[in-house]
Amino acid sequence: MIRVVIVDDHPVVREGLRLMLEQRPDFEVVGEGADGAQAIALAIDLVPDVMLLDVLMPSSDGISAIREIKRLTPTTQVIVLTSYAEDDYIFNAITAGALSYLLKDAAPEDLAGAVRAAMRGESVLHPMVAVRVLREVRSRKQPPWRDLTPRELEVLTHVARGRSNQEIARELVLSEATVRTHMANILSKLHLADRTQAAIYALQQRLVSLDDTGEGKSR
């Protein structure tokens, strides 16, 4: 039996969800609430398996409630069920700890399936939400050093190890002029002022271990 709590500020929504869930033999609705504060109290008192929760409610919003519920009763899986598909709501809810994000136009069987999936620790996203999440993941920028050519990256790692242009040129079998050109490109692409900043950047990005630098070897 899956123990469910429903939290929504509209009584008619709560009643509809209760009737829909209780028609199925594997669900038991153990509590209802109308805002985020009640959601937190119900989570503490009942420790439900799954909570269906709207994100925008009076008194205490759903996002803050999700974060507190996952802190206080981490075994409770939170499914957001809302009318709001804006990016801020979606990503704030997921970041706060919501497992799934569904819109209120979801079919009853889809909602029931999401509750069962939550018991298995599986996430379910409304198709529109899934598209937005995928778009966000794809739009995340790669770190700036990814724009460096393999040779520029090689020069940068040598700079981080404390090598001079002459030493780099000798090791990579290049002219010093070519090394200086690579260095200029590196500083331009990474928006850095000088080779010292470049060396620090390489260490911060873990492109080079501190043990490989002069500082690490001197300790």
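The values are calculated or read from the model by the stated rules, or taken from the named source; none is laboratory data. Here the structure is a predicted model, which means the values were calculated and not measured. Using ideal geometry, Cβ is built from the backbone for each residue, glycine included, and neighbour counts are taken over all protein chains shown.
Computed quantities for the displayed model
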quantity	calculated
Qualifying residues in region 128-180 (those that are part of a helix (DSSP H, G or I) and of a type in the set (S, T, N, Q)) - the one nearest to residue 204 (Cα to Cα)	157
Among (1) within 19 Å of residue 54 (Cα to Cα); (2) touching a residue at least 60 places away in the same chain (Cβ under 8 Å) - the single one residue 143 does not satisfy	(1)
Members of region 46-87 that are more than 25 Å from the chain's Cα centre (by Cα) and over 14 Å from residue 6 (Cα atoms)	58, 59
Residue check for residue 82: free of Cβ contacts under 8 Å to residues at least 40 places away in the same chain, under 25 Å from residue 28 (Cα atoms), in contact with an Asp or Glu (Cβ under 6 Å, 6 or more places away or on another chain) and not assigned by TED's automatic domain parsing to the domain that holds residue 202	yes
Flag for residue 45 being modelled with pLDDT under 95 and either over 16 Å from residue 119 (Cβ atoms) or touching a Pro at 6+ places or on another chain (Cβ under 6 Å) (or both)	no
Test result for residue 98, without any contact (Cβ under 8 Å) to a residue 60 or more places away in the chain and under 30 Å from residue 131 (Cα atoms)	yes
Search result, residues across region 162-183 that are under 17 Å from residue 150 (Cβ atoms) and within 38 Å of the chain's Cα centre (by Cα)	182, 183
Candidate set from region 114-126 (those that are surrounded by fewer than 17 Cβ atoms within 10 Å (Cβ to Cβ) and touching an Asp or Glu at 6+ places or on another chain (Cβ under 8 Å)); member that is modelled with the lowest pLDDT	119
